[in-house]
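Working notes, structure below.
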Amino acid sequence: MGTSEAVLQVLSGAGPRVFGSGPCFSPSDSTCALNLHLKCSRRRALRCFEFLKCSSMLQNGDRRLSSGFFGNTKVDSPWLQNCKCQEAESVSGVTTEDGNGTWFVDNAKMLNPMDTMVNASNVLEFQDLQQLKRENEGLTSNGANGAVRDTFDKISVDSIEDEAWELLRESMVYYCGSPIGTIAAKDPTSSSTLNYDHVFIRDFIPSGIAFLLKGEYDIVRNFILHTLQLQSWEKTMDCHSPGQGLMPASFKVRTVPLDGDDSATEEVLDPDFGEAAIGRVAPVDSGLWWIILLRAYGKCSEDLSVQERVDVQTGIKMILRLCLADGFDMFPTLLVTDGSCMIDRRMGIHGHPLEIQALFYSALLCAREMLAPEDGSADLLRALNNRLVALSFHIREYYWIDSRKLNEIYRYKTEEYSYDAVNKFNIYPDQIPPWLVEWIPNKGGYLIGNLQPAHMDFRFFSLGNLWSVVSSLATLDQSHAILDLIEAKWVDLVADMPLKICYPALEGQEWQIITGSDPKNTAWSYHNAGSWPTLLWQLTVACIKMNRPEIAARAVEIAGKRISRDNWPEYYDTKRARFIGKQARLFQTWSIAGYLVAKLLLADPSKAKILITEEDPELVNAFLSANPRRKRGRKNLKQTYII
Ligand code: GLC
């Protein structure tokens, strides 16, 4: 059975049902959303203690909670018990459980656990550090010996890490007394919060990895399970609902009055699927990151019970189903709108942006590892394997650029109508931007940002390239060449702060047309070739995978020189990343967590394996026996890549 056939059967339900049954599979079924509406109610009766009681509107037939239900009734699943606020040991001030299965939790912490603002102690630490630095400079200029300098370096480095941990913990968000994520930014200097007080799925990934590496698994498990609940939320924009399986971009824990009881409030999770986000962008990357984190959680904690849960398995399948659904595409790459990933504003990345393809490939491999073998999953697995083969061929073959390939494109013939065209996408050589001719190094190469008919986006996008290395979407040679390019173009990509989100910037008329004259994305700022410290962690994983950690170590050292002094900005501006970004938040959590993860992994590189996927020999063989590069002949007309 070919890819499309298999997927079609899966989707139409013609084959064995993979996605279970029950009332939750209709997009228009609002009972489903209600069923999943978990609430944690709270009364203000006590002065020092909050009375916490989780209630739920769960009803029969909820696929998520087939293993139990709430209230005072027995609950089998360990996580459901969490949601009953029983994981209160992680919240300070827990005293006792009352007879009704409720908990008393420290009032101050619960009232607004997110509002413990960045405090004087950090500022003090910073001043101490400056003092130490000044002393060190004095010592150095007086010819002090290396031992003193080493000691100083150690103290200052450790104190930056300590500060990062302290800030990361302060960014933790609680729901029903349990930690479930980290807030995007806690910038005391910023007057408009926008949605930076949300827990973003993509922003939480480095936080989650940092906690995993520290052996603190609860917050990651809670995050995985709570966001899973949100996956089936009723989501509409102007009466239109996006596909089932979509994960939100972010969510917020809100305290709202409890229905019918003036003296009580309750906590609810309020997700944003893009219906409130600036530009109304759909977060395609969220579900992909969720799968990647789920695998990392299992690998790191060795607790496979989470990924084996029926609801989690169904969650994985829903994401896959959404991504593997057939559309009008000719390409195996995922077709998305602009702003569907880390770059969540208009930046001309609609179509088949590399970042999404790399995360897609990575998530497919991770899902394949975690999906329980069962009859009902056979078709889905077949579709997944077919897609992996086709996707890796497509990206490796058509997205790759180095000086040799550029020269090939430079000499392309156009308007080739045939099955065997060399210039398949009808790329006009005039499209090659002048900057690239100068920029492409003799040694090194990269995957371009996007490929469409008659269009190659030649910009270098860091995250897509790094994650292609991490996930083995790029070949070994390509992966080394990507790192070679980063080394060769260090002054452009790293300069004074790692790492450029993309290179180069869109300027002038191009900026006007492509960004819609976006004042936040002016040249060399924010998404338009700004520098994002969070990308340090992905750089580190990629370098460790290729056994070249020294590259990441160099970048981390550069970041360490100013990131804490600058108060952990979200991004930096200018060609060389000299300035803190025009509108950058300070104390941006994923800048903090990205730095921490890079440090932790460099200290113990073996831990990076929780994120890495190696090339699968089974896929390589399947690829060799069904090489799409073969000329189209009669025999190949129905070629499929069944493994
Ligand atoms: C900005 C970034 C996005 C990030 C969000 C929260 O919108 O573009 O990638 O998730 O801020 O930090």
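Among all residues of region 216-238, there is at least one that is part of a loop (DSSP other than H, G, I, E, B), of a type in the set (D, E, K, R) and more than 24 Å from Met318 (Cβ to Cβ).
Looking only at residues in region 583-615 that are hydroxyl-bearing (Ser, Thr, Tyr) and within 16 Å of the ligand (Cβ to nearest atom), the one that is farthest from Asn521 (Cα to Cα) is Tyr595. Does region 563-571 contain any residue that is within 30 Å of Val389 (Cα to Cα) and of a type in the set (D, E, K, R)? Within region 563-571 (the criterion being within 30 Å of Val389 (Cα to Cα) and of a type in the set (D, E, K, R)), the answer is no, since none of the residues qualifies. Consider Trp435 carefully, then state whether it is loosely packed, with under 13 Cβ neighbours inside 10 Å and in a helix (DSSP H, G or I). Against the criterion (loosely packed, with under 13 Cβ neighbours inside 10 Å and in a helix (DSSP H, G or I)), Trp435 qualifies. For the residues Pro373, Pro353, Pro434, the requirement of being modelled with pLDDT of 95 or more and either among the small types (Gly, Ala, Ser) or more than 16 Å from the ligand (Cβ to nearest atom) (or both) singles out Pro434. The single residue among Thr227, Thr182 that is within 20 Å of the chain's Cα centre (by Cα), in contact (Cβ under 8 Å) with a residue 60 or more places away in the chain, within 16 Å of the ligand (Cβ to nearest atom) and more than 16 Å from Trp590 (Cα to Cα) turns out to be Thr227.
Pairs meeting the criteria (first residue in region 471-492 and within 22 Å of Glu614 (Cα to Cα), second residue aromatic (Phe, Trp, Tyr) and in a helix (DSSP H, G or I), beta carbons under 6 Å, at least 6 apart or on different chains) are Ser471/Tyr361; Leu473/Tyr361.
I want to confirm something. Restricting to region 312-345 and keeping residues that are within 15 Å of the ligand (Cβ to nearest atom) and among the aliphatic types (A, V, I, L, M), which single residue is surrounded by the fewest Cβ atoms within 10 Å (Cβ to Cβ)? Filtering region 312-345 for residues that are within 15 Å of the ligand (Cβ to nearest atom) and among the aliphatic types (A, V, I, L, M), the one surrounded by the fewest Cβ atoms within 10 Å (Cβ to Cβ) comes out as Val336.
Of all residues in region 561-582, exactly one satisfies the criterion of being within 15 Å of the ligand (Cβ to nearest atom), among the charged types (D, E, K, R) and closer than 17 Å to Ala593 by Cβ, namely Glu570. For Glu267, the conditions (1) modelled with pLDDT of 90 or more; (2) crowded, with 19+ Cβ neighbours inside 10 Å; (3) more than 18 Å from Cys176 (Cα to Cα) are fulfilled apart from (3).
The values are calculated or read from the model by the stated rules, or taken from the named source; none is laboratory data. Please read all numbers here as calculations on a predicted model, not as lab measurements. We place every Cβ from the backbone using ideal geometry, glycine too, and count neighbours over all the protein chains shown.
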